[in-house]
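The values are calculated or read from the model by the stated rules, or taken from the named source; none is laboratory data. All figures in this text were calculated on a predicted structure; none of them were measured in a lab. Using ideal geometry, Cβ is built from the backbone for each residue, glycine included, and neighbour counts are taken over all protein chains shown.
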Amino acid sequence: MLLPMAVAFGCGAYGAKPNTESSVSAAFQISSASQNTQAREVRRPPPSAAEPAAAAELQSALAQTAAIVEGTVSGIFSEYTEESGPWTRYEFSDVVAHRGKADIGRLTFVQRGGELPDGSILMLSTNHDFVPGARYLVFLRNTNWNLSPVVGEYCFRIEAIQGRQMLISRDGSAVVGLHAEGLVRSASLFGPRDLNGDAPVRKASAPLPSQVLSVQDFLKAIDSNLVAVGRNSLRGEFYNEPRVRQGFLAQLGTHSGSELPQRAVTVDVPDNTQLTYDARPAWENVE
């Protein structure tokens with residue numbers, strides 16, 4: 001029986017060694033599970049919480065949003081047990097709740113996936129990467145969830161490029177507009193984050209868009225869309241844990257001892273999917 005793990009890495013939950021010379025990475029040291037969970041408030045969706053739905057259109061996304069918050073990634077922790085499988089916990093500091101109800105002195109939540117005991121990584125295509133020390137604008141769910149509490153694509157890394165504040169989506173594009181159909185984004189400006197946890201690198205050949213939305217521009221557009229449908233605020237509660245940390249994804253199956261998962265096992269899932277699970281570890285030896 002493997003014990004629960006809560007391991008923080010210098011460059012995120014992707015196995016990089018911490019760089020103790022950096023004031024940012026100093027917060028990402030190996031810690032015990034008890035040290036990192038005692039003060040953490042756990043809020044799980046009640047049975048009455050609504051189920052998640054597709055969030056492609058803006059009004060659908062806003063209907064599922066309890067709060068829009070801004071914060072700096074101050075800790076990334078890989079948590080694993082045989083019963084629940086791999087999860088990754090994120091902690092944020094200097095948190096500002098721009099819209100909605102969010103009683104969060106220190107924001108923390110988990111996403112499905114993370115480090116496995118054999119050193120490989122379970123990655124879900126719908127989950128967002130978070131760069132240590134980077135600042136993010138995040139829409140937090142008011143619904144039940146089992147993969148991530150982030151509402152669809154509404155999670156943005158805040159970057160300053162040539163004196164302009166930009167909201168960068170997980171595909172590396174900048175947000176240049178917002179309307180009822182959803183986000184309007186530029187071509188990709190950044191490459192992907194690698195498995196060592198390094199921050200995405202700016203594409204030198206990618207031209208900057210002539211117009212982008214800053215945090216304040218984006219929030220004003222959100223307010224306008226709320227007013228357009230007769231609302232003046234977001235609604236509901238944010239839950240930083242799923243109702244149950246269920247077992248392993250049944251779709252992964254099993255592996256023999258000589259066929260352990262590769263370094264990264266990516267599971268492609270559509271947004272808002274409620275997947276089926278298997279409590280048996282995905283790398284369990286097959287007799």
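Suppose we keep only residues that are among the aliphatic types (A, V, I, L, M) and under 21 Å from the mean Cα position of the chain (by Cα) within the stretch 195-212. Which one would you say is farthest from GLU181 (Cα to Cα)?
Only one residue fits best here, namely LEU195.
Please work out which one of (1) in a loop (DSSP other than H, G, I, E, B); (2) in contact with a Gly (Cβ under 9 Å, 6 or more places away or on another chain); (3) surrounded by 19 or more Cβ atoms within 10 Å (Cβ to Cβ); (4) at pLDDT 90 or above is the condition ASN272 fails and give its number.
(4)
Residue check, ASN196 against (1) buried (at least 23 other Cβ atoms within 10 Å of the Cβ); (2) out of contact with any Pro (no Cβ under 7 Å at 6 or more places or on another chain); (3) modelled with pLDDT under 95, all met but one. Which one?
The number of the failed condition is (1).
Return the residue satisfying two criteria in turn: it lies in the stretch 156-167 and is surrounded by fewer than 21 Cβ atoms within 10 Å (Cβ to Cβ) and either within 24 Å of SER125 (Cβ to Cβ) or not aliphatic (A, V, I, L, M) (or both), and of such residues it is nearest to the chain's Cα centre (by Cα).
ILE158
Would you mind listing the strands (runs of 3 or more DSSP E) fully within the stretch 23-134 where at least 3 residues are hydrophobic (A, V, I, L, M, F, W, C), at pLDDT 90 or above and within 30 Å of SER233 (Cα to Cα)?
Ranges flagged: 65-81, 85-100, 107-112.
If the requirement is being at pLDDT 85 or above, loosely packed, with under 14 Cβ neighbours inside 10 Å and over 26 Å from ALA55 (Cβ atoms), which of these qualifies: SER224, SER210?
None of the other options fit; the residue is SER210.
Identify all residues within the stretch 207-229 that are under 16 Å from VAL184 (Cβ atoms) and acidic (Asp, Glu); write none if there are none.
Matches in the stretch 207-229: ASP217 only.
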